[in-house]
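Colleague: Sharing a structure, written as structure tokens. Questions coming.
Values quoted throughout were computed directly from the atomic coordinates according to the rules given, and no laboratory measurement underlies them. Remember, predicted model here, so these are calculated numbers, not experimental data. Positions of Cβ are generated from backbone atoms using ideal geometry, with glycine treated the same way; all protein chains shown enter the neighbour counts.
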Amino acid sequence: MSVKPNVGEELTVRTIGFSDLPQVVAIERRSFTSPWSLGMFVLELTKPSGICLAALSAGAIVGYVICARYDEAYHVMDIAVDPDHRRRGVAAALLDGVIARAGEDANYTLEVRVSNAPAIALYERYGFHAAGRRPRYYADNGEDAIIMWRAIGTPWEL
Ligand SMILES: CC(C)(COP(=O)(O)OP(=O)(O)OC[C@H]1O[C@@H](n2cnc3c(N)ncnc32)[C@H](O)[C@@H]1OP(=O)(O)O)[C@@H](O)C(=O)NCCC(=O)NCCS
């Protein structure tokens with residue numbers, strides 16, 4: 001279920017450190033209308049069971065993913081790629097990195113705005129399926145969230 005990066009550039013994926021956060025926050029602010037604060041990233045990085053990865057190209061961070069561990073699933077909390085580096089397989093490399101660390105058989109869940117077609121396409125490519133809706137989940141514009149799951153052995157087609 002992985003997607004091979006279609007990049008012309010070399011990508012490295014590694015754990016985010018606190019010193020990476022200025023670059024991460026800069027991408028976050030270019031990517032979302034209601035971006036996470038620095039403190040929200042710090043909180044996630046202090047959780048020992050989380051998976052927080054950065055993708056680097058030519059020594060600079062071009063994307064990141066923040067994943068928290070819950071009892072039954074990993075929750076993909078945040079993923080973004082610098083607008084200048086999109087559609088080159090960076091998000092795919094990050095999700096490959098999460099799955100490599102958490103395990104192909106782990107369960108994954110996330111919420112995504114109903115209007116976010118690029119992200120929904122990415123997640124569907126990775127085997128996520130819509131499993132419900134959270135009405136007015138996003139406070140900035142009252143948009144609904146789609147709840148998606150990637151869970152091995154779930155009879156989604158029933
Ligand atoms: C969603 C996002 C992370 C994708 O990052 P990306 O590095 O451009 O994605 P990739 O190049 O790895 O794409 C992998 C696959 O996802 C799908 N995909 C990604 N972007 C897409 C788009 N704009 N339109 C359609 N499909 C898309 C495609 O299947 C793609 O494979 P392909 O290029 O071979 O067709 C990026 O658009 C982004 O940062 N958006 C703003 C932040 C955001 O919305 N995050 C998600 C919050 S839930």
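Colleague: On full extension of the chain, what length is gained from Ile152 through Thr15, given 0.36 nm per residue of separation minus the C-alpha to C-alpha distance?
Modeller: Roughly 46.8 nm would be gained on extension.
Colleague: Mind listing which chymotrypsin sites (Phe, Trp or Tyr not before Pro) in the stretch 43-76 are in a DSSP loop and have 11 or fewer other Cβ atoms within 10 Å?
Modeller: Hits after loop and neighbour filter: Tyr70.
Colleague: Longest span of the chain, sites excluded, free of trypsin sites (Lys or Arg not before Pro) in DSSP loop with at most 12 other C-beta atoms within 10 Å?
Modeller: Counting only loop sites that pass the neighbour cut-off, the longest clear stretch is 1-86.
Colleague: What size of dipole, in debye to the nearest 20, comes out for the chain about its Cα centre when the only charges are +1 on Lys and Arg C-beta atoms and -1 on Asp and Glu C-beta atoms?
Modeller: 160
Colleague: Ok, one more. I'd like the Karplus ³J(HN,Hα) series for the stretch 44-59: coefficients 6.51, -1.76, 1.60, θ = phi - 60°, whole numbers in Hz, and an x wherever there's a Gly or Pro.
Modeller: Ordered by residue, 3J(HN,Hα) equals 5, 5, 7, 7, x, 8, x, 10, 10, 10, 10, 9, 10, 10, 6, x Hz.
Colleague: Pull up all non-local amide H partners of Ala145: gap of 5 or more, or a different chain, and H-to-H distance under 5 Å with H placed in the peptide plane.
Modeller: Arg134, Arg136, Tyr137, Tyr138
Colleague: Could you give each residue of the stretch 12-27 its phi-based ³J(HN,Hα) in whole Hz, using Karplus coefficients 6.51, -1.76, 1.60 with θ = phi - 60°, and x for Gly or Pro?
Modeller: 10, 10, 8, 5, 6, x, 4, 6, 7, 4, x, 5, 4, 5, 5, 5
Colleague: Another question, if that's okay. When the Kirkwood radius is taken over all Cα pairs of the stretch 12-150, what Stokes-Einstein diffusion coefficient follows at 20 °C and 1.002 mPa s, in µm²/s?
Modeller: The estimated diffusion coefficient comes to 140 µm²/s.
Colleague: Which whole-Hz ³J(HN,Hα) couplings does the stretch 83-94 yield from phi under the Karplus relation 6.51 cos²θ - 1.76 cosθ + 1.60, θ = phi - 60°, glycine and proline marked x?
Modeller: In residue order, the calculated couplings are x, 6, 10, 6, 6, 10, x, 5, 4, 4, 5, 5 Hz.
Colleague: Set the Förster distance to 30 Å, then compute FRET efficiency between Ala131 and Arg86 from the Cβ-Cβ distance, nearest 0.05.
Modeller: 0.70
Colleague: Mind sorting Ser57, Ser115 by how few other Cβ atoms lie within 10 Å of their own Cβ, fewest first?
Modeller: Ser115, Ser57
Colleague: Also: Please list, ordered by chain and number, the residues whose modelled amide H lies under 5 Å from the amide H of Cys52; skip anything fewer than 5 residues away on the same chain.
Modeller: Excluding prolines and chain starts, which carry no amide H, the hits are Ile16, Cys67.
Colleague: Same structure, new question: Of all the Cα-Cα pairs you can form in the stretch 29-102, what percent are over 20 Å apart?
Modeller: Value for the stretch 29-102: 30 percent of Cα pairs lie more than 20 Å apart.
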